[in-house]
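> My structure is below; once you've seen it, I'll send some questions.
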Amino acid sequence: GGGGVAGARWPELALPWADPLGGRRGCAGPAAGPEVIFINLCFFGRHSMLPRHVQRLGRDWITHWNGSQILTFNSPVSSCMRWAGHYPPWASFPLPLSADFSANWRFPPFFGPWRQFQNSNWHLDNYTQSCCFHLPNPSMKSEGEEPLTKKRRLSGQDDASAPEQEANLSNQKEGSCLSVAQNEEKHGSKKGTIKRHWEYFCQQSKTMKIAKNKGSDQSSTGSEATFDFTVMSYNILSQNLLEDNSHLYKHCRQRLLFWTYRFPNILQEIKELDADVLCLQEVQEDHYRTEIKSSLESLGYHCEYKMRTGRKPDGCAICFKTSKFSLISSNPVEFFRRDIPLLDRDNVGLVLLLQPRFHCKANAAICIANTHLLYNPRRGDIKLTQLAMLLAEIASVAPQKDGSFCPIIICGDFNSVPGSPLYKFIKEGKLNYEGLAIGKVSGQEQFPRGQRILSIPIWPKKLGISQNCVYEIKQQQKEGNAVEKLEAAKPDNTQEIVIASKKLSSKLRHHFKLSSVYSHYFPETGIPEVTTCHSRSAVTVDYIFYSAANDDTIAQPGAEDSFCGGLKLLGRLALLTEKDLWTVNGLPNENNSSDHLPLLAEFRLIER
């Protein structure tokens, strides 16, 4: 029998609670802590021993409630019942609930006068009271099942008649997350951990990694002819951006989204992966100043940071182990230009020139670049211009005394998918954008809205960057030397050369032969790798590009003639599929506190 409010006010409700549907029996004692109690109100619509007005509760008051809409009693309500929430075939479809729950919701008339109920001192509260009940949505049967839209996408089905299902998707996920949280707390163990394995491309790399784990120092191994190092690219998800785009994280339990929970997880990931160079995106300035920088410095990193130029207080950071590198130069890049309407966005980049500490050549250097390009899928013109500005800065930092480029690594969130025109431009070094729709540059949208074509040229001349993605001053010097040679040989053809160069104005080029660390598809199945996964999408947008050495078998065709030796890819931390990530409820989750996965690669510096 029930006690407390329910037993005192309405004796007809003080029943021995049995589960007529074959689910769990009632709890023996009061609920503990934040545990959520599920009541199947369909029971009331079926039990013949109850008065008629109570039976109507099961038919007329089945309701969907969000995770935040949990009814809680302060008074000592009797031991609550717990059944698996599901609707029998005879139950009516749940009625919608007003968003303003506390102002509009009222108990049905059978609960007696409102003044009597007021005396029971009830209120809404998230997970703070000991007795509460919640009607869950049954569409997610377990924590390993992905939402409806994800299942349709993975199975290749195109359900055009599913707007109602998608409209209720966030409510379904919130109900599911509460169930997952309850099960995890009950069993007292962390679930949802996916192990990412290391993929080796060189047996010697595996041997050296084992030696490194044993604590050996590369400077004392006697292999001074080689220099191996690891690079990580990681978008750590700015807390401000998370809160501004909360609709992307409705599938997450609320406590997992707090910075006080997320930062220790992110720092632990960085510790465990132990990269020699970190390229971080979405680094919030106040968190960087108060926590991130000092924490990384305590791990032996030197940090360089560039904040965005607008009102969004995040930016890019490059941090490197001082035991492995020394800083030659740090070069921030601002993509915002007040005098150029096209460049009205506040994204930034950062380019560092580092010198290895243990290497046979005193003038050896490696150029590390980090950026976070504009997200907007329909502004490919801005994305290409931002990329050209970053490449121009790299071209001004990376040249060696002999005119060649030092090895280059470009990391970041490029907000572009594999195979898109922007991606191909990075890898192939050329792009003819004549007739290319702006919305198709990044490939983020399969059917982009609008068909506006890229203008020729994309950016105005006063930007000072040529179609070869170098600063105009250096380009003019090179062209001037070339013209002098041509005039000496064939002075009559100068005008023809100028006309030909104007016809090539729709062709972008850059001078770096770059390969991608990741292949973007699993070779056995052809399933895409993903680097980010939230409520709206699961795709690859994060990359590590590098200038490959001649003997790098992983490099793309055409990369064999890299300047100044280049880099050999020794290994990489394997990525995951979308299905893998939804088995742990997507990103962020209990163990991965960003909506992006960290990318990690090991390189060997090869001299020419």
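> If you check LYS383 against the conditions, is it open to solvent by 20 Å² or more (accessible area, probe 1.4 Å), at pLDDT 95 or above and part of a helix (DSSP H, G or I)?
For LYS383, the condition - open to solvent by 20 Å² or more (accessible area, probe 1.4 Å), at pLDDT 95 or above and part of a helix (DSSP H, G or I) - is not met.
> Hey, another quick one. Can you name the residue in the range 517-537 that is among the charged types (D, E, K, R) and either buried (at least 19 other Cβ atoms within 10 Å of the Cβ) or free of Cβ contacts under 8 Å to residues at least 40 places away in the same chain (or both) and, of all such residues, is nearest to SER594 (Cα to Cα)?
GLU529
> Something else: Search the range 427-445 for residues being of a type in the set (A, V, I, L, M) and not in a loop (DSSP other than H, G, I, E, B), and hand back the single one that is most open to solvent (accessible area, probe 1.4 Å).
Within the range 427-445, the match that is most open to solvent (accessible area, probe 1.4 Å) is LEU431.
> Considering only residues of the range 243-254 that are in a helix (DSSP H, G or I) and touching a residue at least 24 places away in the same chain (Cβ under 8 Å), which is surrounded by the fewest Cβ atoms within 10 Å (Cβ to Cβ)?
HIS247
> What strands (runs of 3 or more DSSP E) lie completely within the range 274-342 and have 2 or more residues being in contact (Cβ under 8 Å) with a residue 24 or more places away in the chain and open to solvent by less than 30 Å² (accessible area, probe 1.4 Å)?
277-284, 314-321, 325-334
Condition check ((1) within 20 Å of the chain's Cα centre (by Cα); (2) open to solvent by 10 Å² or more (accessible area, probe 1.4 Å); (3) among the small types (Gly, Ala, Ser); (4) under 22 Å from GLU607 (Cα atoms)) across all residues:
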| position | (1), (2), (3), (4) |
| --- | --- |
| LEU390 | no, no, no, no |
| ASP402 | no, yes, no, yes |
| CYS406 | no, no, no, yes |
| ILE410 | yes, no, no, yes |
| PHE447 | no, yes, no, no |
| ARG452 | no, yes, no, no |
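> What's the number of the only condition in (1) in contact (Cβ under 8 Å) with a residue 24 or more places away in the chain; (2) over 20 Å from the mean Cα position of the chain (by Cα); (3) surrounded by fewer than 19 Cβ atoms within 10 Å (Cβ to Cβ) that ASP346 fails to meet?
ASP346 satisfies every listed condition except (2).
> Do we have LEU353 as surrounded by fewer than 20 Cβ atoms within 10 Å (Cβ to Cβ), modelled with pLDDT of 95 or more and of a type in the set (A, V, I, L, M, F, W, C) here?
For LEU353, the condition - surrounded by fewer than 20 Cβ atoms within 10 Å (Cβ to Cβ), modelled with pLDDT of 95 or more and of a type in the set (A, V, I, L, M, F, W, C) - is met.
> GLY571 - would you say it is at pLDDT below 95 and open to solvent by less than 10 Å² (accessible area, probe 1.4 Å)?
Spelling it out, it is not the case that GLY571 is at pLDDT below 95 and open to solvent by less than 10 Å² (accessible area, probe 1.4 Å).
> Among the residues of the range 336-345, is there at least one that is on the phi > 0 side of the Ramachandran plot and in contact with a helix residue (DSSP H, G or I) (Cβ under 9 Å, 6 or more places away or on another chain)?
No, the range 336-345 contains no residue that is on the phi > 0 side of the Ramachandran plot and in contact with a helix residue (DSSP H, G or I) (Cβ under 9 Å, 6 or more places away or on another chain).
The values are calculated or read from the model by the stated rules, or taken from the named source; none is laboratory data. From a predicted model like this one, the values you see are computed outputs, not experimental measurements. Note that each Cβ is placed from the backbone with ideal geometry, even for glycine, and that neighbours are counted across all protein chains shown. Protein only, heavy atoms only, side chains kept; ligands, DNA and RNA dropped before computing areas. Shrake-Rupley method; radii C 1.70, N 1.55, O 1.52, S 1.80 Å.
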